[in-house]
Amino acid sequence: MKNIAVIGAGTMGNGIAHTFAQSGFTVKLIDLSEKSLDKGMATIAGNLDRMVAKGAISEEDKLKTIGNIITYTDIKDGVVGVDLVIEAATENVDLKLNIFRQLNEACSHDTILATNTSSISITQIGAVVSHPERVIGMHFMNPVPIMKLVEIIRGYNTADDVTKTIMDLSEKLGKVPVEVNDYPGFVANRILMPMINESIETLYNGVAGVYEIDTVMKLGMAHPMGPLQLADFIGLDVCLAILNVMSDGFKNPKYAPCPLLVNMVRAGKLGVKTGEGFYDYSESKKAEKVSKQFK
């Protein structure tokens, strides 16, 4: 297995492409627009430059990694001859199902089809392809080149040999794969998202402010990042989408998203990617406010 396709050049997609390419795989990075692909490749190049500056890799390693990535704007062209496809599109079930329907038509029946979803049912995704036994979840953590964990999620129909292949492949990337079963939120987000949601409820109820809540969790619980800051980095829209999946899946009110989170997403305050969430990331505020809060 040396030829990989990654669908989506955003934060997770370009990180996955970077990781495979740096490990010597040929990667076909697919997105709908050249602009998104250019932005994704620029991010990869910037991350590699930082690794070179730190002495983690050589300039030659950087050039080889970039040379291992080919970009495409058409799924059919991009998945020709690949052994594994990893979908890393937006956390939207209809979008993902549509992508997998296209993969079902474009890929050979022995191509493994993986999704980087952080909450959506692998079984549901597998149901739209003719060979659901080849569908599996590979939930990478952000930032992908640095974080070691990969949640490997088995759908109801996922074959044993497919699971073993993906577990072994993850280890070849220098990752630590952990096999979990297909339930809403899997393990990581089933535990993480209720904590983030409860932190938002704590703010919503006026118990404490943003900085105070994050400070308690960082200094009192030894978390490297406060839950509200983490939510900003994940994206508040992504947090809301995951909580909605869990709420719908479990039919349990404890997973219902806080009204404050819902309103912030409606207002377009999604965190780092929009310049404002629980913290202000605008250029004028970075030096004045954010740097002080993140010390």
Seminar exercise, completed: Being under 27 Å from residue 244 (Cα atoms), in the same structural domain as residue 149 (by the TED database) and buried (at least 17 other Cβ atoms within 10 Å of the Cβ) narrows 112, 69, 44, 99 down to just 99
For this session: Could you check how many residues of region 82-96 are open to solvent by less than 60 Å² (accessible area, probe 1.4 Å) and outside any helix (DSSP H, G or I)?
Result: 9
Problem set entry | Hey, residue 207 under 26 Å from residue 154 (Cβ atoms) and either open to solvent by less than 40 Å² (accessible area, probe 1.4 Å) or not assigned by the TED database to the domain that holds residue 148 (or both) or not | no
Exercise. Could you count how many residues in region 15-41 are buried (at least 20 other Cβ atoms within 10 Å of the Cβ), free of Cβ contacts under 8 Å to residues at least 60 places away in the same chain and farther than 18 Å from residue 79 by Cβ?
Worked result: 0
Exercise. Within region 164-176, is even one residue modelled with pLDDT of 95 or more, touching a helix residue (DSSP H, G or I) at 6+ places or on another chain (Cβ under 8 Å), part of a strand (DSSP E or B) and surrounded by fewer than 20 Cβ atoms within 10 Å (Cβ to Cβ)?
Worked result: yes
Exercise. Quick one: is residue 126 open to solvent by less than 10 Å² (accessible area, probe 1.4 Å) and farther than 17 Å from residue 28 by Cβ?
Worked result: yes
Exercise. So which residues in region 116-163 are over 23 Å from residue 240 (Cβ atoms), of a type in the set (D, E, K, R) and not in a loop (DSSP other than H, G, I, E, B), if there are any at all?
Worked result: 133, 134, 154, 160, 161
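The values are calculated or read from the model by the stated rules, or taken from the named source; none is laboratory data. Everything quoted here is computed from the prediction, not taken from an experiment. Neighbour counts are summed over all protein chains in view; Cβ atoms, including those assigned to glycine, are modelled from backbone coordinates with ideal geometry. These accessible areas exclude ligands, DNA and RNA; they are computed on the full protein's heavy atoms, side chains included. Shrake-Rupley method; radii C 1.70, N 1.55, O 1.52, S 1.80 Å.
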